[in-house]
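Take a look at the structure below.
The values are calculated or read from the model by the stated rules, or taken from the named source; none is laboratory data. Remember, predicted model here, so these are calculated numbers, not experimental data. Quick reminder, even Gly has a Cβ in these numbers, built from the backbone with ideal geometry, and neighbours come from all protein chains shown. Note: accessible area is taken over every heavy atom of the protein model, side chains too, but ligands, DNA and RNA are not part of it. Shrake-Rupley method; radii C 1.70, N 1.55, O 1.52, S 1.80 Å.
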Amino acid sequence: MSFTRRSFLASTAALAAGASLPGRAQTTTQLTGIDWGGPLIEATRKITEGDKNVDITWELHSGGAGTVLPKIKSAWPNPKYDIVAAWNPVYVTMINEDWLEPLTLDEMPNLRDIPSEYFFKDKNGAIVNVPRSLAGMFWGYRDDKAPVKVQRIEQLFDPKLKGQICWPGPSINSNLQLLSLALSAGGNEKNMEPGWELLKKLAKSGNIGRVAATETDFLNSMTTGETTVAFWNMSPWKKLSTNFPIKALTHVPDDKGMKAFMYQDGWVVLKSSKQKKAAKDYLNFFVGPEQNQHFNEMLGQGPTNRKAKSSGFAENIAFKGDELAKYAYFPDFTVLAAQLNDTIKRFETEIVPLL
Amino acid sequence: MRAPRGAGLIVPALLVVFILLVAPLLMVGDESLRVFVPGRVGSAHDAPLTIENYVGLASAAYVHYFADTFRISLIATSLALVLAYPIGYRVAREARARVRRAWIAFLVVMLFLSILIRVYSVSLAVGPAGFGRGLSDLLGLTLNSRSYAEISVVLGLLHCLVPMAVIVLLAPLQSLNPRLVEAAQALGAPRWKAHATITIPLSSRGLLAAFMLCFTFSISAFVIPMVLGKGRVLFVSNLIYSRFGEVGNYPGGAALSIALLTLSLIVVYTIGRATGGRLEHVR
């Protein structure tokens, strides 16, 4: 077979024509989203593979979800994100800034299967979040390494735990770790003073080995055995539990502070998005019963869709009957979010010097 | 007095510098003087003026953060120069061109190594998974003590500073005439004295340049203290990030930034001024 200039031109033209035919790429909508790294983004990507209508460019939160706020603020009204993964305290700030697109049950029918208590609403009463996981933050320890099998808050001060506690930084977890101390000493969200007193005592004791600024810090510290006791949220605890025996302190009787602090994380659509319809369709798919169950199975978190079943690590926060009142705590994130600025300053000026 | 010919050519460059450097700094300066309402991101457009953001920095705790940042940076910079100088001298005096090129290539690669790779490699090395327990025992410290965290931060800074300092020192060391040291030794001076009285004084401008570069890098280091400081050792840059990135307190972060910038300029200017006069006599 001879290869001539004419045949080369013909085959090139055929290739060009083929490439320009309408294909899937033209029906796929481009979105930009931001989610937490580690196991969360892995699970999100897996679920997203099932929706062929969108092609999402992902970014990762650099630490807590609150770090996305300045990025949005500085670019508003043209931030690059269409959808943002966030949780209770971050929803509150975003609502205050009036950044969130209202969502309706007609546009997103799968929201009908999510209990109404999980929704956040804007000043007009419209739903603005798409809850995807019910999760908890709690104390736990490495059963193979921790020198003290902690069961109560006062045991955190045991001298055997010198340098063994991984304490989340004040901006992490909305400072629920401090609330846990405050509750044990008779305080609450509006009266955190008893918690601060206990935290000063804990810092002075030398038992805090690391103040973790990110989830990676927590995972590295616990994995290497640098620290063995910590307060963190479910998905990294689950990740640790795949390699080490972990004791999750979610069913501790008669301790006011050693609770499972419940929250939900999920999605929001920004008002600035140019692809609101595609973003809503995608998120509606994301919280469908099958997807919601699969997503939360991967993370060990509880599903938000009533039709999805919880299993595995999520059993740690699957409270039945009166267990919910006994072991779980639903924090007032609005109060905590308003305190965050002062909390960070106080941590810097009163706690870090004692470490 | 007429401007020199072609002076207008500098206008585009000045414009770019103004837009990218001066204007953002002015904005940061303005933000630092605004009232912040917790729960919001940044100050409101019509936020009133205040000096509260600066007043808060005068507390003992924040003075300590500034002092720690400068102290640890000074220690790391001094150690970096002590370590980099003999390496730089060895590379500069290497007679075989191929070996010298290999040294320089190695140093350049080290210079461009990702900061995250450096930090986490140091973190693993000096942690319990590496030789951390042995090192902490050797130093008589516990692995999770503040002193050990400070040492880890200094080691992390050295990982970045040493190649940087060697590269800065190479040019002045290469331009030295080796015969001067040889002549001193031929006249009976011991080797150390020949270097102390000839090599070091003649390369002091390079040392000053390396010091300035390493010191300013250290002061503004962010990831190194964040990861290796274990939350016990925090630099001012970590506080700035926390204000801007985690709570949206732009006015507080801006005040810290302006204070750090001002103090850094004063320190660098003072050091330059104190040593610059003496260096005038070194030719």
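Rounded to the nearest Hz, the phi-derived 3J(HN,Hα) couplings of the range A:334-341 under the Karplus curve 6.51 cos²θ - 1.76 cosθ + 1.60 (θ = phi - 60°) are 5, 5, 5, 5, 5, 8, 4, 4, where x marks glycine and proline.
On a full-extension model of 0.36 nm per residue, what is the gain between A:Glu350 and A:Phe157, subtracting their alpha-carbon distance, rounded to one decimal in nm?
Values: separation 193, 0.36 × 193 = 69.48 nm, distance 1.82 nm.
Extra length from A:Glu350 to A:Phe157 when fully extended: 67.7 nm.
Taking springs between alpha-carbon atoms closer than 10 angstrom, which of A:Gln291, A:Gln301, A:Gln339 fluctuates most in the Gaussian network model of chain A? Judging by the Gaussian network model, the answer is A:Gln339. Each Lys or Arg adds one and each Asp or Glu takes one away; over the other residues whose Cβ falls under 11 Å from the Cβ of A:Gly63, this sums to -3.
Would you mind classifying the range B:73-145 by shape? Square roots of the alpha carbon gyration tensor eigenvalues, ordered a ≥ b ≥ c; an a/c under 1.5 is rounded, otherwise it is prolate if a/b is larger than b/c and oblate if not. Cα axes put the range B:73-145 in the prolate bin.
Remark on A:Leu100: its backbone amide H falls under 5 Å from those of A:Lys271, a criterion applied only to residues 5 or more positions apart or on other chains, H modelled at 1.01 Å from N.
Using the Karplus relation 6.51 cos²θ - 1.76 cosθ + 1.60 with θ = phi - 60°, the per-residue 3J(HN,Hα) values for the range A:256-265 come to 5, x, 7, 10, 8, 8, 8, 8, 10, 10 Hz, with x marking Gly and Pro. The contact residues of the range B:239-256, meaning those that lose at least 20 Å² of 1.4 Å-probe accessible area when all protein chains sit together rather than their chain alone, are B:Tyr241, B:Ser242, B:Arg243, B:Gly245, B:Glu246, B:Val247, B:Asn249, B:Tyr250. Where in the range A:220-237 does the label zone of B:Leu116 land, with the point 7 angstrom along Cα→C-beta and an amide N cut-off under 18 Å? Counting backbone N atoms under 18 Å from the label point, the list is A:220-221. Across peptide B:220-232, the average count of Cβ atoms from other chains found within 10 Å of a residue's Cβ is 4. Multiplying the residue separation of A:Asp322 and A:Thr27 by 0.36 nm and removing their Cα-Cα distance gives an extension gain of 101.2 nm. Taking Cβ atoms as reference points and 11 Å as the exclusive limit, the residues near B:Gly156 contribute a net charge of 0, counting Lys and Arg as +1 and Asp and Glu as -1. Just to be sure I understand the interface: list residues from the range A:198-235 that lose 10 Å² or more of accessible area between the chain on its own and the complete protein assembly, 1.4 Å probe. SASA drop of 10 Å² or more in the range A:198-235: A:Ile208, A:Gly209, A:Arg210, A:Val211, A:Ala213, A:Thr214, A:Thr216, A:Asp217, A:Asn220, A:Thr224, A:Gly225, A:Glu226. Packing order of peptides B:129-137, B:4-12, highest average first: B:129-137, B:4-12 (average count of other Cβ atoms within 10 Å over each peptide's residues).
Applying a threshold of 32 Å to the alpha-carbon distances of A:Lys190/A:Lys280; A:Lys247/B:Lys230; A:Lys239/A:Lys320; A:Lys160/A:Lys259; A:Lys52/A:Lys309 flags A:Lys190/A:Lys280 as lying beyond it. Annotation: per residue accessible area for the range A:264-350 equals 42 Å², rounded to a whole number [probe 1.4 Å, protein chains only]. Relative contact order for chain B: 28 percent, from Cα pairs under 8 Å spaced at least 6 residues apart, divided by residue count. Could you work out the relative contact order of the range B:138-209? I mean the mean sequence separation of Cα pairs under 8 Å and 6+ apart, divided by the number of residues, in percent. Normalised by residue count, the contact order of the range B:138-209 is 32 percent.
In this structure, A:Thr57 and B:Leu187 have a Cβ-Cβ separation that, at R0 = 60 Å, corresponds to a calculated FRET efficiency of about 0.30. Straight-line cross-link reach from A:Lys274 at under 12 Å between alpha-carbon atoms covers these aspartates and glutamates, not counting any fewer than eight positions away in the same chain: A:Asp82, A:Glu101. Based on C-alpha pairs under 8 angstrom that are at least 6 apart in sequence, chain A has a relative contact order of 24 percent.
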